[in-house]
1. Can you name the number of the only condition in (1) over 11 Å from the mean Cα position of the chain (by Cα); (2) within 30 Å of A:GLU52 (Cβ to Cβ); (3) within 14 Å of chain A (Cβ to nearest Cβ); (4) of a type outside the set (Ser, Thr, Tyr) that B:GLU8 fails?
2. Residue check: is A:ALA2 out of contact with any Lys or Arg (no Cβ under 6 Å at 6 or more places or on another chain), assigned to a loop (DSSP other than H, G, I, E, B), at pLDDT below 95 and surrounded by 13 or more Cβ atoms within 10 Å (Cβ to Cβ)?
3. Pick from region B:27-36 the residues that are within 12 Å of chain A (Cβ to nearest Cβ) and either in a loop (DSSP other than H, G, I, E, B) or surrounded by fewer than 21 Cβ atoms within 10 Å (Cβ to Cβ) (or both): which of them is farthest from the chain's Cα centre (by Cα)?
4. Do we find that B:VAL87 is touching a residue at least 12 places away in the same chain (Cβ under 8 Å), over 21 Å from A:THR49 (Cβ atoms) and within 9 Å of another protein chain (Cβ to nearest Cβ) in this structure?
5. From the list B:SER72, B:SER58, B:SER108, which one is more than 13 Å from the chain's Cα centre (by Cα) and either under 18 Å from B:THR5 (Cβ atoms) or hydroxyl-bearing (Ser, Thr, Tyr) (or both)?
6. Go through the residues of region B:2-18 one by one and say whether even a single one is within 28 Å of A:ALA30 (Cα to Cα), of a type in the set (Asp, Glu) and touching a residue at least 24 places away in the same chain (Cβ under 8 Å).
7. Filtering region B:75-92 down to residues that are assigned to a loop (DSSP other than H, G, I, E, B) and touching a strand residue (DSSP E or B) at 6+ places or on another chain (Cβ under 6 Å), which residue is surrounded by the fewest Cβ atoms within 10 Å (Cβ to Cβ)?
Amino acid sequence: GAVVSQHPSWVICKSGTSVKIECRSLDFQATTMFWYRQFPKQSLMLMATSNEGSKATYEQGVEKDKFLINHASLTLSTLTVTSAHPEDSSFYICSASGGRMAVETQYFGPGTRLLVL
Amino acid sequence: GDSVTQMEGPVTLSEEACLTINCTYTATGYPSLFWYVQYPGEGLQLLLKATKADDKGSNKGFEATYRKETTSFHLEKGSVQVSDSAVYFCALSGGNTPLVFGKGTRLSVIA
């Protein structure tokens with residue numbers, strides 16, 4: 001099946017620093033990637049949708065200047081949390097779709113746990 | 001807009017008990033339907049899917065049937081194991097449009 005990886009799997013950082021999370025589709029070309037945020041014991045909240053080579057579409061209430069998304073290639077999207085603060089601590093999950101192997105289905109990465117001190 | 005409603009958990013079952021997690025949806029058009037599973041500390045894994053009415057998705061002993069007349073996609077398993085303990089999410093649509101998730105149902109299976 002289609003495999004999506006995320007790096008790092010967890011990160012601890014000081015308040016005010018920026019953190020970059022990578023999402024890669026390992027065996028298919030992801031024309032679309034999605035970024036989600038999940039709070040403890042809650043469902044996933046879609047943050048933004050990115051299509052390769054174009055600007056991301058952010059959901060209402062998500063600050064695009066704080067959560068920078070880049071989808072520079074068909075296998076890589078990055079989420080940068082700029083000037084992170086403790087309230088940004090969360091579990092961030094990406095998913096990818098596209099290509100013959102993943103038609104109509106999104107495949108999820110394993111998630112990145114971010115803790116901002 | 002589109003939405004998914006799941007039964008609230010947590011659900012606690014003894015090993016080998018039968019499982020049903022209810023899921024109903026509202027949507028325009030003909031969505032694809034999915035069940036995802038999230039094990040503790042991990043991301044989501046696709047469990048099964050159905051893309052049209054009357055399709056049955058199945059995997060690892062779990063199954064769900066796309067019922068257009070009742071707008072439902074209930075998840076069932078005849079005999080659960082401790083290793084099935086996880087959070088289960090029902091979702092619709094997919095492909096190049098964002099998934100719409102239910103709130104998730106936590107299942108705990110005790111030996």
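1. (2) is the only condition that B:GLU8 fails.
2. It is true that A:ALA2 is out of contact with any Lys or Arg (no Cβ under 6 Å at 6 or more places or on another chain), assigned to a loop (DSSP other than H, G, I, E, B), at pLDDT below 95 and surrounded by 13 or more Cβ atoms within 10 Å (Cβ to Cβ).
3. Ranking the candidates gives B:TYR30 first.
4. yes
5. When all the criteria are applied, what remains is B:SER108.
6. There is at least one residue in region B:2-18 that is within 28 Å of A:ALA30 (Cα to Cα), of a type in the set (Asp, Glu) and touching a residue at least 24 places away in the same chain (Cβ under 8 Å).
7. If we take residues in region B:75-92 being assigned to a loop (DSSP other than H, G, I, E, B) and touching a strand residue (DSSP E or B) at 6+ places or on another chain (Cβ under 6 Å), then B:SER85 is surrounded by the fewest Cβ atoms within 10 Å (Cβ to Cβ).
Here's the yes/no breakdown for (1) surrounded by fewer than 17 Cβ atoms within 10 Å (Cβ to Cβ); (2) in contact with a Ser or Thr (Cβ under 6 Å, 6 or more places away or on another chain):
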{"residue": "B:VAL4", "(1), (2)": "no, no"}
{"residue": "B:GLU16", "(1), (2)": "yes, yes"}
{"residue": "B:THR24", "(1), (2)": "no, yes"}
{"residue": "B:GLY57", "(1), (2)": "no, no"}
{"residue": "B:PHE62", "(1), (2)": "no, no"}
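The values are calculated or read from the model by the stated rules, or taken from the named source; none is laboratory data. As the structure is a computational prediction, the values presented were derived from the model and not from experiment. Backbone-built Cβ (ideal geometry, glycine too); neighbour counts: all protein chains shown.
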